[in-house]
Amino acid sequence: MAERLFHIGIKALIQDRQGNVLLVGNGSHDGQQKYMDLPGGRMDAGEQFLNTLERELQEEIGTSYIGNPEYFDTVLSNVQPLAEHGRVGLVLIVYRAVLPNGVVLQLGEQEYTYEWCEPAKAAELLAFKFPEEFCRKVAELA
């Protein structure tokens with residue numbers, strides 16, 4: 001039996017003072033359709049989890065501030081990105097993070113939009129990439 005390869009992604013679940021969840025729209029890549037996602041991305045070789053989170057937030061929303069992130073969940077994504085040797089599994093580690101007041105979001109090159117959503121709506125939009133049990137957990141944040 002062949003071994004299955006996995007990539008690791010680090011994501012931020014960011015809520016505003018009203019409890020809305022920040023989602024970013026990713027442009028299509030790896031042959032995937034456009035979809036809404038939590039900010040974050042895949043680890044680079046030699047990086048630690050929180051270093052990845054800081055770098056990805058800088059790239060995607062223009063701030064590397066993560067405050068004191070709190071572990072939220074680890075899931076196997078519904079999306080299987082295309083890699084050098086074909087499609088791979090994607091393990092996502094999600095942290096809750098808080099942005100300081102007054103932060104102005106600046107989208108990166110791959111993101112085409114962002115939206116603050118009520119948790120139930122965020123859960124619906126995340127269902128393309130995240131498994132059902134994770135989306136249910138997000139919906140319950142209300």
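Every read-out reported here was derived from the displayed coordinates using simple, explicitly stated rules and does not represent laboratory data. If you're wondering where the values come from, they're calculated on a predicted model, not measured in any experiment. FYI the Cβ positions are ideal-geometry reconstructions off the backbone, even for glycines, and counts take in every protein chain you see.
Treating the angle as unsigned and between 0 and 90°, give the value, to the nearest 10°, between the Cα long axis of helix 49-61 and the longest Cα principal axis of the chain. In the chain, helix 49-61 runs at an angle near 70 degrees to the longest axis. Counting neighbouring beta carbons within 10 Å and listing from fewest to most, the residues Lys121, Lys129 come out as Lys121, Lys129.
Highest mean first, how do 65-77, 7-19 rank when packing is the count of other Cβ atoms within 10 Å averaged over residues?
Per-residue mean Cβ counts within 10 Å order the peptides as 7-19, 65-77.
Once backbone amide H atoms are built at 1.01 Å from N, Phe72 has Val94, Tyr95, Arg96 as its partners under 5 Å, excluding neighbours fewer than 5 places away on the same chain. Applying 0.36 nm per residue to the separation of Arg42 and Glu70 and subtracting their alpha-carbon distance, the gain on full extension is 8.2 nm. Here the calculated FRET efficiency for Leu50 and Arg4, from their Cβ-Cβ distance with R0 = 22 Å, stands at 0.25, rounded to the nearest 0.05. If the segment from Gln58 to Val98 were pulled out straight at 0.36 nm per residue, it would be longer than the present Cα-Cα gap by 13.0 nm.
Calculate the FRET efficiency for His85 and Gln18 from the Cβ-Cβ distance with a Förster distance of 30 Å, rounded to the nearest 0.05. Approximately 0.10, to the nearest 0.05. Each other residue within a Cβ distance under 13 Å of Thr52 adds +1 if Lys or Arg and -1 if Asp or Glu, for a net charge of -3.
Summarising the amide proton neighbourhood of Arg42: residues at separation of 5 or more, or on other chains, whose placed amide H is nearer than 5 Å comprise Ile10. A simple rule links phi to the HN-Hα coupling: the Karplus curve 6.51 cos²θ - 1.76 cosθ + 1.60 with θ = phi - 60°, which for segment 124-141 gives 4, 5, 7, 4, 5, 9, 9, x, 3, 5, 5, 4, 4, 5, 5, 4, 7, 5 Hz, with x for Gly and Pro. Residue ranges 112-118, 34-40 sort as 34-40, 112-118 when ordered by packing (mean number of other C-beta atoms within 10 Å per residue, highest first).
Remark: the chain projects, on average over all directions, an area of 8.7 nm² (convex hull of Cα atoms).
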